[in-house]
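Reviewing the structure listed below.
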Amino acid sequence: MLKGLKTFYFSTAIIIIVAITQGINCKSLKKDGKALSQVYCTNCHSYPEPSQLPREIWLKGVLPEMGLRLGIGDRSELLKKYQFKLYDQLIQLGAYPENPTIKKEEWDAIVNYYKENSPSKIPSPQKKEIAKTGNDQFNFFEIYTLPNQTANTTFAKFISKKNEIWIGNHQRTLDRYNIKGQYIFSIRSPSPVVDVLNQHQPIFLSIGNMQPNEDRNGRLYSMAINGTQGKLLVDSLHRPVQFMQTDMDNDGSEDMIIAEFGYITGQVQLPMGKIINV
C-alpha cells in the first residue's frame, strides 16, 4: 500500500512539473516574437529573416499583407490594390479570412520582432565581373527588339531543330531570329507565349492575363511557324507558365502536363482531368 502511494505521489509530481513547464513555455512563447514568427511564418513558405528587407518595407508592405492573410487588419484596404473581381475571388478562396487565426498580442510580438531586428536599409550588392577562363565555348551577341516593342520578354528558347532563337513578349508577339541574331519572322498569339514544344507543328502555351490573377484565360494550341493552321488543344487554363509532354499512364501515347500558377492558388494539370494542387 505504501509503495503504491509513493508511486502515485511521484507520478503526480511529474505531471505537475510538466504542466508548469509547459505553462511557462506557452507564456514565454507569447512574448517571443522570433519564436512566434518561426511558427506562423513557416506554415506557407520558408522562414524570412528580418535582415532580408529594410524596416520600412517590413512595416508598410510585407507585414500588413501577412496580417490580412492571418485575419488581422481591415480587409477593405485590399480594394485599394485589387479590382472587385479579384477581391471577391480571393475572399472566396479563403486567402483573407474574416476572423483572426492568430491572437492580437502574438501578432504584435511578431511585428515588434521584425521592427527591432531589421535594418534601416540594405547595402547595394557589389557588382562581380564574370570570370574568363580563356576557353569560352560560347560567343555573346545582343538581340534588339523590333521598333515599337518593349523588352518585356515572356519566353526565350533556342530551337535546335530549326537552328533558331524564339523570343516571346507581352505584346502577344513571338519573334524568330536566326543563329546570328538576325530577325526572320513574327507570329501573333492569343496572349503572351510562355513555353513552346518544338514538333513538326509546334505547340504553344499562352499565359492569358500576365498579371497575377485567378482567371482562366490561358490556352495550349498548335500552330505552324508562319502563324497559320492554328488548333486549340486545351482552353481555360489558370495562368499557365510551363508544360511538358510525356507518357504518364504507359499507354503508348504522350500526355500533356501543364503547370498553372495564378495569384494565390496554382496547380499542376495532368491527363484525363487529374489535378495536383500546389
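A compact table of results
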quantity	calculated
Subset of segment 200-227 (residues that are among the polar types (S, T, N, Q), in contact with an Asp or Glu (Cβ under 7 Å, 6 or more places away or on another chain) and more than 8 Å from residue 239 (Cα to Cα))	none
Residue 250, sole failed condition from (1) loosely packed, with under 12 Cβ neighbours inside 10 Å; (2) touching a Pro at 6+ places or on another chain (Cβ under 7 Å)	(2)
Which listed residue, of 212, 190, is assigned to a loop (DSSP other than H, G, I, E, B), within 30 Å of residue 146 (Cβ to Cβ), within 29 Å of the chain's Cα centre (by Cα) and in contact (Cβ under 8 Å) with a residue 40 or more places away in the chain	212
Filtered residues of segment 218-241 (kept if exposed (fewer than 15 other Cβ atoms within 10 Å of the Cβ) and touching a residue at least 40 places away in the same chain (Cβ under 8 Å))	226, 227
Residue check for residue 263: aromatic (Phe, Trp, Tyr), in the same structural domain as residue 169 (by TED's automatic domain parsing) and part of a loop (DSSP other than H, G, I, E, B)	yes
Output for segment 57-87, where each listed residue is free of Cβ contacts under 8 Å to residues at least 24 places away in the same chain, assigned to a helix (DSSP H, G or I) and over 21 Å from the mean Cα position of the chain (by Cα)	60, 75, 76, 77, 79, 80, 84
Test: residue 123 is surrounded by 12 or more Cβ atoms within 10 Å (Cβ to Cβ) and either not aliphatic (A, V, I, L, M) or not in a loop (DSSP other than H, G, I, E, B) (or both)	no
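Conditions tested, residue by residue: (1) over 22 Å from residue 214 (Cβ atoms); (2) touching a strand residue (DSSP E or B) at 6+ places or on another chain (Cβ under 6 Å); (3) modelled with pLDDT of 85 or more; (4) assigned by TED's automatic domain parsing to the domain that holds residue 212.
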| position | (1), (2), (3), (4) |
| --- | --- |
| 4 | yes, no, no, no |
| 19 | yes, no, no, no |
| 32 | yes, no, yes, no |
| 39 | yes, no, yes, no |
| 45 | no, no, yes, no |
| 77 | no, no, yes, no |
| 85 | no, no, yes, no |
| 90 | no, no, yes, no |
| 98 | no, no, yes, no |
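The values are calculated or read from the model by the stated rules, or taken from the named source; none is laboratory data. None of the values given here were measured: they were computed from a predicted structure. When we count neighbours, we look across all protein chains shown, and the Cβ atoms used for this are built from the backbone with ideal geometry, even at glycine.
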